[in-house]
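The values are calculated or read from the model by the stated rules, or taken from the named source; none is laboratory data. From a predicted model like this one, the values you see are computed outputs, not experimental measurements. So basically every Cβ, Gly included, is an ideal-geometry build from the backbone, and we count neighbours across all protein chains shown.
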């Protein structure tokens, strides 16, 4: 599988891990920002194959085989706040990071390891399993600012496109969305105190 951008370190393993509706997600913390990332992962699978992973919080373990384990590990802070480690074996998926940002990018890499059918909304309710290759990935961004620009002042885009655009930025580990809302061609930001900005300039 191709991961973009290329991770700092990739070591191929042997075998595959099977993900299905019976796969559990196990957390070592109930922090809301970690829960939000798990919700994001579940939303992807609910839109595609049509299932959500059961989630359990158990800081001390033990953690059963066959699940996705998300671990907050403060020792990884030395690699940067967005660093993560992803380990996939035939028995378990393990994401380790010092921060919620690192966990989020680890999950994005996990999603890139999966076949594109995961995103196929026509598969909804198919409940089919997916296999991902065994691998160990240690990664951290080379650049602190990773942005992409979208000009809605000169060009019209539906809201669905903008949401999809942001999802793709996240998938490829961009961390800044540069939203070009105003220019002499148009003013796309409604300010009720100054209604003529949108009445005339839009």
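Go through 86, 110, 69 for me and flag whichever is within 21 Å of residue 128 (Cβ to Cβ), surrounded by 15 or more Cβ atoms within 10 Å (Cβ to Cβ) and modelled with pLDDT of 95 or more. It would help to see each step written out before you state the result.
Values: 86 fails: within 21 Å of residue 128 (Cβ to Cβ); 69 fails: within 21 Å of residue 128 (Cβ to Cβ).
Only one candidate passes the filter, namely 110.
Spot the failing condition for residue 63; the list is (1) assigned to a loop (DSSP other than H, G, I, E, B); (2) closer than 20 Å to residue 120 by Cα; (3) in contact with a strand residue (DSSP E or B) (Cβ under 9 Å, 6 or more places away or on another chain), and only one is missed.
(2)
So residue 99 ticks every box in (1) surrounded by 14 or more Cβ atoms within 10 Å (Cβ to Cβ); (2) in contact with a strand residue (DSSP E or B) (Cβ under 7 Å, 6 or more places away or on another chain) but one. Which box is left unticked?
(2)
With the requirement that a residue be touching a residue at least 60 places away in the same chain (Cβ under 8 Å) and surrounded by fewer than 17 Cβ atoms within 10 Å (Cβ to Cβ), what does region 47-58 give you? Give the steps one after another, and end with the answer.
As a first pass, look at region 47-58 and keep what is touching a residue at least 60 places away in the same chain (Cβ under 8 Å): 47-51.
Matches in region 47-58: 47, 50.
Select, from 112, 35, the only residue that is under 21 Å from residue 139 (Cβ atoms) and not in a strand (DSSP E or B). Write out each step before concluding.
Details: 35 fails: under 21 Å from residue 139 (Cβ atoms).
After ruling out the rest, the residue left standing is 112.
Evaluate the following for residue 81: is it farther than 30 Å from residue 122 by Cβ and surrounded by 13 or more Cβ atoms within 10 Å (Cβ to Cβ)?
So residue 81 fits the description; yes.
Name the one entry in 175, 185, 138 that is more than 21 Å from residue 97 (Cα to Cα) and either modelled with pLDDT of 95 or more or not assigned by TED's automatic domain parsing to the domain that holds residue 13 (or both).
On the way: 175 fails: more than 21 Å from residue 97 (Cα to Cα); 138 fails: more than 21 Å from residue 97 (Cα to Cα).
Just one listed residue meets the conditions, 185.
Out of the residues in region 148-190 meeting the condition of being touching a helix residue (DSSP H, G or I) at 6+ places or on another chain (Cβ under 6 Å) and in a loop (DSSP other than H, G, I, E, B), tell me which one is surrounded by the most Cβ atoms within 10 Å (Cβ to Cβ).
Across region 148-190, the extreme among qualifying residues is 173.
Going by what's in this entry, would residue 131 be described as touching a helix residue (DSSP H, G or I) at 6+ places or on another chain (Cβ under 6 Å), assigned by TED's automatic domain parsing to the domain that holds residue 17 and either farther than 19 Å from residue 7 by Cβ or not in a helix (DSSP H, G or I) (or both)?
no
Is it the case that residue 44 is over 22 Å from residue 146 (Cα atoms), in a helix (DSSP H, G or I) and in contact (Cβ under 8 Å) with a residue 60 or more places away in the chain? Can you show your working first?
Numbers: over 22 Å from residue 146 (Cα atoms): yes; in a helix (DSSP H, G or I): yes; in contact (Cβ under 8 Å) with a residue 60 or more places away in the chain: yes.
Yes.
Which numbered condition trips up residue 126, out of (1) in contact (Cβ under 8 Å) with a residue 60 or more places away in the chain; (2) under 18 Å from residue 51 (Cα atoms); (3) part of a helix (DSSP H, G or I)?
(3)
I need the full set of residues from region 6-19 which are within 18 Å of the chain's Cα centre (by Cα) and surrounded by 14 or more Cβ atoms within 10 Å (Cβ to Cβ), in order please.
7, 19
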